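S.K.: Dumping the structure here so I can ask a few things about it.
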Amino acid sequence: MTAVMAWPMMLALFVGHHAELPYTVGRADNHYEKHCYSPLQLQGLIIGFDKVCGVSDEFRKGLATGTHITVAGHGTSYGLFATELRRSD
């Protein structure tokens, strides 16, 4: 099961390129979750792969559940290593 869930990230690491994916914010008001400071939870993703950690309080402050964002980084359409977040409303 771990191999099936990790496959998109391995693909992103080895054959990825610059990609931008649209997501919807699920929750932006947590300050700490286990091993994840300043998380931004995204809707529609598998539990455990549904958070972006280390998001600035300034950026999270302007977000609410249902806000559309774009996550950019190195990867594929199946997953990426995020380097940039921006609102897409």
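The values are calculated or read from the model by the stated rules, or taken from the named source; none is laboratory data. Note that the structure is predicted; figures quoted are calculated from it, not measured. With ideal geometry, Cβ positions are generated from the backbone for all residues, glycine too; neighbour counts draw on all protein chains shown. Areas reflect the complete protein model, heavy atoms only, side chains present, ligands, DNA and RNA absent. Shrake-Rupley method; radii C 1.70, N 1.55, O 1.52, S 1.80 Å.
S.K.: Could you check segment 35-44 and list, in sequence order, the residues that are more than 11 Å from Val25 (Cβ to Cβ), open to solvent by less than 60 Å² (accessible area, probe 1.4 Å) and in a strand (DSSP E or B)?
M.R.: Cys36
S.K.: Then there is this: Checking the structure you have, find out if any residue of segment 32-39 is touching a residue at least 40 places away in the same chain (Cβ under 8 Å) and closer than 21 Å to Ala6 by Cα.
M.R.: Of all residues in segment 32-39, those touching a residue at least 40 places away in the same chain (Cβ under 8 Å) come to none.
No; the residues of segment 32-39 include none that is touching a residue at least 40 places away in the same chain (Cβ under 8 Å) and closer than 21 Å to Ala6 by Cα.
S.K.: State all residues of segment 45-73 that are assigned to a strand (DSSP E or B) and in contact with a helix residue (DSSP H, G or I) (Cβ under 7 Å, 6 or more places away or on another chain); if no residue qualifies, say none.
M.R.: Going residue by residue through segment 45-73, those that are assigned to a strand (DSSP E or B) are 51-52, 68-73.
Answer for segment 45-73, where residues must be assigned to a strand (DSSP E or B) and in contact with a helix residue (DSSP H, G or I) (Cβ under 7 Å, 6 or more places away or on another chain): there is none.
S.K.: Another one. On the basis of being charged (D, E, K, R) and open to solvent by 80 Å² or more (accessible area, probe 1.4 Å), does Arg27 make the cut?
M.R.: Values: charged (D, E, K, R): yes; open to solvent by 80 Å² or more (accessible area, probe 1.4 Å): yes.
For Arg27, the condition - charged (D, E, K, R) and open to solvent by 80 Å² or more (accessible area, probe 1.4 Å) - is met.
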